[in-house]
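Here is the structure we will look at, set down as structure tokens.
The values are calculated or read from the model by the stated rules, or taken from the named source; none is laboratory data. As the structure is a prediction and not an experimental result, all values here were calculated from the model. Reconstructed Cβ throughout: ideal geometry from the backbone, glycine too, with neighbour counts over all protein chains shown. When the accessible area is computed, the model is the full protein with side chains, heavy atoms only, and any ligands, DNA or RNA have been set aside. Shrake-Rupley method; radii C 1.70, N 1.55, O 1.52, S 1.80 Å.
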Amino acid sequence: MKNSITRRDFIRTGLAAAAGAGFSRCAFGDTPAAAPAKAAAQLVAKADAMIHIWLPGGIAQTDTWDPKKYTPFQAGMKGSELLGTCEPIPTSADGIFLGKGLDNIASVMHRGTILRSLTNETKFGAIHLKAQYYMQTGYLFPTGVKTPSLGAAVARTLGRRNPQVPAYIYIGRDIDTSDEEKLFISEYLGPGFYGVKYAPFMIPDPAKGLATLNAVSGMKMDRLDRRQSYLRAMTGLAEAELQKANRVKDYLKVMEDARAMMDSPVKRAFDYRKEEKPETVKAYEPEVGADDLLDKTYYYGNRFGQGLLLARRLVEAGARYIQVEYQYGPFKGFDMHESGRTRMIEMKRQVDRPIAQLIRDLDQRGLLDRTLVMISTEFGRTIASEPAAGKEPDGFAERHTGDKLVIENEKMYGFHGHFSSGNCLAFFGGGFKKGFVYGKTADLHPMLPVENPVRLEDVHATVYKALGIPADTNYVTEGRPFYVTKDGKGVPIDGLLA
Amino acid sequence: MGRGIIDVSTCGDNRLESRRARARIFGAFGVIIPLATALARSAEPAAHPKVEIPVREIDPAAAGQVSYARQVAPIFANNCADCHSTEDHKSGLDTSSVPGLLKGGKKAGPAIVPGKPDESPLVQFLRGLREPQMPKGNPALSEEELHLIREWILAGARDDSASIAVEEKAGGLTESGTQASLVAYDSSTQKALNDLVFSGNGKDRLIAQRKLRLALLPKPPEPPKVKAPAFNPIDQFIAAKWEQAGLKEADAAPAVCSDAAFLRRVYLDVIGVIPTAAQARRFLEDTTPDKRVRLVDELLARNEDYAAHWTPFWEEAIGSSNVGITGGIGSRGNHRDWIFESFVHNKPFDLMVAELIDPTLPGYRQPDIGEANGKPVVSAYIRNETHLETIQSAANVAQVFMGTEMKCASCHNHFLNKEWPQTRFLAFAGMFSTNDLEVIRCEQKSGQFVAARFPFDLPGVPEAVPKPFEERLHRAAQLLIDPTNPRFAKTIVNRLWKRYLGLGLFEPQDDFRPDQPPTNPELLAWLADDFMRHGYDLKHSIRQILTSRTYQLRFDPELEDHFDVNQPQQARYYRSPSLRRLTAEELLDSIQVATAQSLDAQRRTYLSTASTALTRALGRPASRNEISTARAGDVAVVQALELLNGEEFYERVYSGRVVDQAEDEKDLAKVIDRLYWVALSRPASASEQELGSSFLKASLPEPKRAEEPPVEQVWLEDDLPQGANPGGTGDAGAWIWVAKPDAPVFSGERAHTQGGKGEQRQHYFVGAAKPLHVGPDDVLFTYVYLDPKAPPREIMLQWNNGNWDQRAYWGEDLIPFGEANTPSRRRLGPLPAAGQWVRLEVPACEVGIAAPMDIAGWSFDQSGGGAVYWDKSGVVKNPTNPARQPLGDLLWALVASPEFQYIR
């Protein structure tokens, strides 16, 4: 036997193992059938579904998940003195405090875990898109490969829970666009090299549901069916050769599957306004409307809140992975480069009640234990490095102590610098600990993790573990394995799991 | 499987690295590359329990064919060199050369006895007949390896390295197995010419280089004589394989496809759209015998359409971006128009590729320097601001233009393809960098740098790579496109072959492996040679392929080839083309041709920078951050739902003129036939007629058409509709109501005009309590008066149904809302005459109202200054043609059918 594996050998055994999911590089010798069974024995899933609440822009962790001392505004105060623009408030979990404004989430804190010490060496500087790409895929852009996102990896590995519900659903983001940033984002949220089979089903506006599950406006169902059976019949008259081709059979099958989905009882999951009590729908509304915001043109509150309600209903109907986003916009929403205090108050009002209501609803329905809710953002925030708020030229802060910054006015009062070195995530349900904090950051700037710093690949590995997916799960592209955590090296953080 | 597996999770495993470090790799090019030896040596390996290797009889004739250099030396290199090389010879034995073997070692004396394999101690140790069994510490040799060694010894243990080296150095790649032969330049002339070629710059030099260097190529393979019918040499090479494999097709060649199938196939393959019904009819009714060849030529002569079809492919292959900088991230530059122009003028392919890389060429694609966050950001095809970007650029060049995947070798030795140790790749990547690159293995910097070097040794090329960066790039481009570069021409002709036949002569098309010969290497070599000798003219080679009999064979799923990555050696015979899915562009553009019965070059999908749910579902990437040379053609439910229920697809199919025209036709048979010609480029068969007819009859209401006359519904005249919220340029002052005698008025008491200031202005309202209900047969109208003393340059109307997506304009295209040449910005004509009231009419279909819609807002826009007055506005409700929907449905089914969606 040769002392090196030929490509053919690898492909034959590795690919076969990867056909479902390549679980481990050491599984070469196993038969393909054995590999999934072996992996299943190794990992017992604690969660069947996941709702990923994606709040991009870079949330100031000091005002939310990791509050420090409240240091009110005083004209002329130094940046190093600004430790928090709001008070820490106690929560339903002893000893855990959150930033004021997250009162609702605080009341369900006993059901979740906050990770305060996510850090990484890469400084993304001013470039949100690269940081978001990293959060969503676990890889640093550019990778040289069309990298699939977390949702696509879950969809491909675990497949659908209910055969009628798409495995990867995305709520709250516009689809049609020619804006280059949005196009970039839609690539990293997509299935990458997995292909269109694992692409997300997009629901920009929960109120409108999944548009293509309903016939086009003006099309009656009997007409649709007549058209469909005509298609079936005239295809049957096509050349025999065409009908025999496997690709053609697959094509016709998905057309039938698509038609069947339209009749699926799962469609009722989208009818939340008809089916839910008005108080429930109201509970998912943000506590602030478009007119109250500093920037009235940037409001996605209802899309976000109702998106969470829809996500809950879809989980009840058997969804696998749903991502709900408060849609990103440069300098909008959480991407604050001025007036941090005021804007944080607004944004907390946008997200606090809906998120808490989601947790409560899942809990009441007995779903929370088997549903993982993860709340994330692409990096944290710190004090800006330059007096000119929002115009820092050097890629934004990171390790400044803030001694040289003088906060002269309310506009400058807030956390306006990007902080890749310190980021927080929150986890509810899905096998994560309850009423728990993991990791600690410094109390003074730079507020780097001082206890239990963790890497993103390990966070991803933990999430995958909760779902029953090994961290070195991989799929082959261009003849080589591509792993769901960075190079397959993610190690689950057992301290986060119950 | 034990130690045979290379576990990349532990790269930096010293023992493994050291073993590889000692190995000397013999590529198929006679290049010996010593690997980094900076790593620690291994400890003495332990002996393994004896393995019995099967031994078989040697055929002396076969034994004489075994090549030491190509077959035997690599076995020693991979298995013995750790311990028995020139530097380190355990027991005094050096296996790295024949003299070394003959000399032997301390233990057993000469290792080989020429002519006597089984008396050779080497063989005895290998078989474990003498202990310890060799190789010690490595798995025993395979049966095949042992057999080769024994054969070689029996045949006399000759060393043929010298003659192999001459052959390969002079003739370049001889993977086809044909012998190289040199053209007779005397050596001093050749040297002078080479010097001339490699100094200086310019497009003419490139052509001269090509002319001169072509002389170094060996003769191409001779097209073999075959029994099967052949239109050109391609068919001969293909049929020869059938004969070799004893396939029945060698004697009974498969039939060519029907004219209808050929017509559709060649239109889509050359210009990316189906023919119009008239074009289809003309071809099918033509009885001249050479019509297929003439059609190929006719289509290839449609330069813009041909170029439009190629452009999206190359945009993705080179990662061309729509904009320079996205969110602060630089790109590879926007090359769309350059690609288009290059294909319109049929630029020689070598020149086109060189222009991406070589700054000394007049047509060089200059980097674009933008700015983000106060820092300059460079967008260029070759990106080299960081180590990572440099190696990715090099890997992209290798993948796309040399069909060679080197990505794995960026961070460690390519563990699947022995051709690419990391240093060899980094040497190549160094040609795209200002300085030699450092070896960074698995993210660990080694402090070791690799001299830049082209990975293939081409004849006459100096070893040293120039230091100045521009010259370095120039050299990289020269060597990339050089005729003696074994992979450049083969890669592109392989891509052409794959594009038109469905599967390449080597697969994957981006990953040529010397240890996996192409299926039909002779054809590949001939096509590459033919391509190069005709000036790297893509159209020439395309024509060769499209006029071959092989291209025209009938589609047969039983004969269709498949590529199985688990069995890459499986031969492909091309007895049938492979079924191919239309790309997103081909599909949408073909629907546009089908519904409009003309090809509007301005409406081709590749020109659109927008990405929609439909285009994404059909496989058009939203962004081209990562390069790609193929679309997947996957089917998925998300895609089927878009075809079934997507608004965009509906609008594209139902709002065309072809449905309008069909509505007037009373004879159902004619209608069905027309729609079949329009969509499938052929007549409907009798059973298709019958089926279509019963479908239409079931769908159509009473034959009597509604006799109501059109009804004009006025929506706004002297006041805004009830509940409407006004807005626009100048906010509260946007809407100005005027009356006689101060201003012209058409009807009623007042007209309205724009009250704000500026070049481009608008006044609009939204939120009307009673929306305007508009269907596809209706016509929106308004009355407009342009001030003759101050006319604008453009006027535009917009409608709101929740979104502003419907727009029509007259005059110049200044207002940038929506997408040009789509219903979201539809030009309906020049500015109307000034100084008089003009009625403007907008058919609802023109602005994308294919299904009934509720309009709740209307906007009146203008650009270029000037004064514009508006008056009565509303919609003319035409009786809904009851035939529209069923006809549209029939057309939808035709377009959604596999016959439309696939090329066969």
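Below, the figures for the structure above:
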quantity	calculated
Among (1) among the hydrophobic types (A, V, I, L, M, F, W, C); (2) within 14 Å of chain A (Cβ to nearest Cβ); (3) open to solvent by less than 10 Å² (accessible area, probe 1.4 Å) - the single one B:L523 does not satisfy	(2)
Residue list for the range B:408-453, filter: open to solvent by 50 Å² or more (accessible area, probe 1.4 Å) and within 15 Å of B:P466 (Cα to Cα)	B:T434, B:N435, B:D436, B:A451, B:R453
Count of residues meeting criterion [more than 7 Å from every other protein chain (Cβ to nearest Cβ) and either of a type outside the set (D, E) or surrounded by 21 or more Cβ atoms within 10 Å (Cβ to Cβ) (or both)] in the range B:629-650	6
Some residue of the range B:583-591 being within 20 Å of the chain's Cα centre (by Cα), open to solvent by 20 Å² or more (accessible area, probe 1.4 Å) and modelled with pLDDT of 95 or more	yes
A:K267 being of a type in the set (K, R), open to solvent by less than 70 Å² (accessible area, probe 1.4 Å) and more than 8 Å from chain B (Cβ to nearest Cβ)	yes
Members of the range A:195-213 that are in a loop (DSSP other than H, G, I, E, B), touching a Lys or Arg at 6+ places or on another chain (Cβ under 8 Å) and facing chain B (nearest Cβ under 7 Å)	A:A199
Matching residues, the range A:121-144, being of a type in the set (K, R) and either touching a helix residue (DSSP H, G or I) at 6+ places or on another chain (Cβ under 9 Å) or at the interface with chain B (Cβ under 9 Å from one of its Cβ atoms) (or both)	A:K130
In the range B:363-400, the residues that are touching a Ser or Thr at 6+ places or on another chain (Cβ under 9 Å), within 17 Å of A:L129 (Cβ to Cβ) and charged (D, E, K, R)	B:R383
The range A:221-259, subset farther than 26 Å from B:S576 by Cβ and hydroxyl-bearing (S, T, Y), residue most open to solvent (accessible area, probe 1.4 Å)	A:S229
The range B:868-904, subset in contact with an Asp or Glu (Cβ under 9 Å, 6 or more places away or on another chain) and part of a loop (DSSP other than H, G, I, E, B), residue nearest to the other protein chains (Cβ to nearest Cβ)	B:R904
Single residue of the range A:159-194 satisfying the filter (of a type in the set (K, R) and open to solvent by 30 Å² or more (accessible area, probe 1.4 Å)) that is farthest from the other protein chains (Cβ to nearest Cβ)	A:R161
Residues of the range B:864-884 classified as closer than 17 Å to B:Y785 by Cβ and under 46 Å from the mean Cα position of the chain (by Cα), total	2
Flag for A:N474 being of a type outside the set (A, V, I, L, M) and open to solvent by less than 20 Å² (accessible area, probe 1.4 Å)	yes
Close pairs from the range A:431-459: first free of Cβ contacts under 8 Å to residues at least 40 places away in the same chain, partner open to solvent by 80 Å² or more (accessible area, probe 1.4 Å) and hydrophobic (A, V, I, L, M, F, W, C), Cβ under 9 Å, at least 6 apart	A:A442/A:V450; A:D458/A:V491
First in the range A:273-284 and without any contact (Cβ under 8 Å) to a residue 40 or more places away in the chain, second anywhere and exposed (fewer than 14 other Cβ atoms within 10 Å of the Cβ) and part of a helix (DSSP H, G or I), Cβ under 9 Å, 6 or more apart	A:K274/A:R268; A:E275/A:R268; A:V281/A:R273
Residues located in the range A:234-264, provided they are among the small types (G, A, S), assigned to a helix (DSSP H, G or I) and more than 7 Å from chain B (Cβ to nearest Cβ)	A:A240, A:A260
Any strands (runs of 3 or more DSSP E) falling wholly within the range B:679-794 and containing at least 1 residues that are within 14 Å of chain A (Cβ to nearest Cβ)	B:725-728, B:772-774
Extreme residue, farthest from B:Y267 (Cα to Cα), among residues of the range B:457-502 that are open to solvent by 20 Å² or more (accessible area, probe 1.4 Å) and of a type in the set (A, V, I, L, M, F, W, C)	B:A464
Residue list for the range B:840-867, restricted to those being more than 14 Å from chain A (Cβ to nearest Cβ) and either more than 30 Å from B:E647 (Cα to Cα) or assigned to a loop (DSSP other than H, G, I, E, B) (or both)	B:A856, B:S863, B:G864, B:G865, B:G866, B:A867
Matching residues in the range B:94-114 - criterion: being open to solvent by 30 Å² or more (accessible area, probe 1.4 Å) and farther than 21 Å from B:K418 by Cβ	B:P99, B:L102, B:K103, B:K106, B:K107, B:A108, B:P110, B:V113, B:P114
Residue tally, condition touching a Leu at 6+ places or on another chain (Cβ under 9 Å), aliphatic (A, V, I, L, M) and in a helix (DSSP H, G or I), over the range A:131-149	1
3 or more residues over 21 Å from the mean Cα position of the chain (by Cα) and within 27 Å of A:G479 (Cβ to Cβ): qualifying helices (runs of 4 or more DSSP H) within the range B:439-547	B:521-533
Hits in the range B:833-859 (condition: closer than 22 Å to B:Q754 by Cα and open to solvent by 20 Å² or more (accessible area, probe 1.4 Å))	B:A833, B:A834, B:G835, B:Q836, B:W837, B:V838, B:R839, B:E841, B:A856
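Each row is one residue, and each column tells you yes or no for (1) modelled with pLDDT under 70; (2) closer than 24 Å to B:V113 by Cβ; (3) of a type in the set (A, V, I, L, M, F, W, C).
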position	(1), (2), (3)
B:G137	no, no, no
B:S142	no, yes, no
B:L146	no, yes, yes
B:G156	no, yes, no
B:S161	no, yes, no
B:G171	yes, no, no
B:S176	yes, no, no
B:A180	yes, no, yes
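Listed here are the residues, each with its yes/no results for (1) outside any helix (DSSP H, G or I); (2) modelled with pLDDT under 95.
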{"residue": "A:G151", "(1), (2)": "no, no"}
{"residue": "A:T157", "(1), (2)": "no, no"}
{"residue": "A:N162", "(1), (2)": "yes, yes"}
{"residue": "A:D174", "(1), (2)": "yes, yes"}
{"residue": "A:E181", "(1), (2)": "no, yes"}
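Residue by residue, here is whether (1) part of a loop (DSSP other than H, G, I, E, B); (2) touching a helix residue (DSSP H, G or I) at 6+ places or on another chain (Cβ under 7 Å); (3) more than 14 Å from chain A (Cβ to nearest Cβ) holds:
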| site | (1), (2), (3) |
| --- | --- |
| B:Y551 | no, yes, yes |
| B:D556 | yes, yes, no |
| B:H562 | yes, no, no |
| B:V565 | yes, yes, no |
| B:Q569 | yes, no, no |
| B:R572 | yes, no, yes |
| B:S576 | yes, no, no |
| B:D589 | no, yes, yes |
